[in-house]
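To start, the structure itself, in structure tokens.
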Amino acid sequence: MHTHEEPPAGGAARSPADDDIELLPAGDRDDLGRQWEDIQTGFVDEPRQTVERADALVATVMQQLADGFASERDRLEQQWDRGEDISTEDLRIALQRYRSFFRRLLSA
């Protein structure tokens, strides 16, 4: 029996390339991963504090993502305000980042 999987809202099925788009710099991802591992190891001894630290780390990551998208949008808007042409390729890359992030949110 073949099951039909619905594509996520807002577009076609998620492509493997969506996972390849970096939303945070590699160094930041590595550091955040280490922080997460450190948080997890504290759960047995201090579950409440561990959840509080996890919440703070998630909030930090969300803020970094929001800042990154805002910075990119500001860069594009400044170019538009100066009357500069923005290449279709730059816009395509920006849209790919948004699509990747959006689809990752929906799959979570």
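The values are calculated or read from the model by the stated rules, or taken from the named source; none is laboratory data. Computed from a predicted model, the values in this text were never measured in an experiment. Heads up, the Cβs are rebuilt from the backbone with ideal geometry, glycines too, and the neighbour counts pull from every protein chain shown. All accessible areas refer to the heavy atoms of the entire protein, side chains included, with ligands and DNA or RNA removed. Shrake-Rupley method; radii C 1.70, N 1.55, O 1.52, S 1.80 Å.
Restricting to the range 72-108, what's the tally of residues that are open to solvent by less than 70 Å² (accessible area, probe 1.4 Å), free of Cβ contacts under 8 Å to residues at least 40 places away in the same chain and of a type in the set (Gly, Ala, Ser)?
Residues flagged as open to solvent by less than 70 Å² (accessible area, probe 1.4 Å), free of Cβ contacts under 8 Å to residues at least 40 places away in the same chain and of a type in the set (Gly, Ala, Ser) within the range 72-108 amount to 3.
Could you identify the single residue in 68, 83 that is outside any helix (DSSP H, G or I) and at pLDDT below 95? Among 68, 83, only 83 is outside any helix (DSSP H, G or I) and at pLDDT below 95. Scanning the range 86-108 for residues that are under 10 Å from the mean Cα position of the chain (by Cα) and part of a loop (DSSP other than H, G, I, E, B) yields no hits at all.
For the range 37-50, a residue qualifies if it is assigned to a helix (DSSP H, G or I), open to solvent by 90 Å² or more (accessible area, probe 1.4 Å) and of a type in the set (D, E, K, R), and the qualifying residues are 37, 48. Among the candidates 34, 53, the residue that is surrounded by 12 or more Cβ atoms within 10 Å (Cβ to Cβ) and in a helix (DSSP H, G or I) is uniquely 53.
Checking each residue in the range 39-70 for being in contact with a helix residue (DSSP H, G or I) (Cβ under 7 Å, 6 or more places away or on another chain) and among the charged types (D, E, K, R) picks out only 53. Only one of the numbered conditions (1) open to solvent by 70 Å² or more (accessible area, probe 1.4 Å); (2) within 18 Å of the chain's Cα centre (by Cα); (3) of a type outside the set (Ser, Thr, Tyr) is violated by residue 69, and that is (1).
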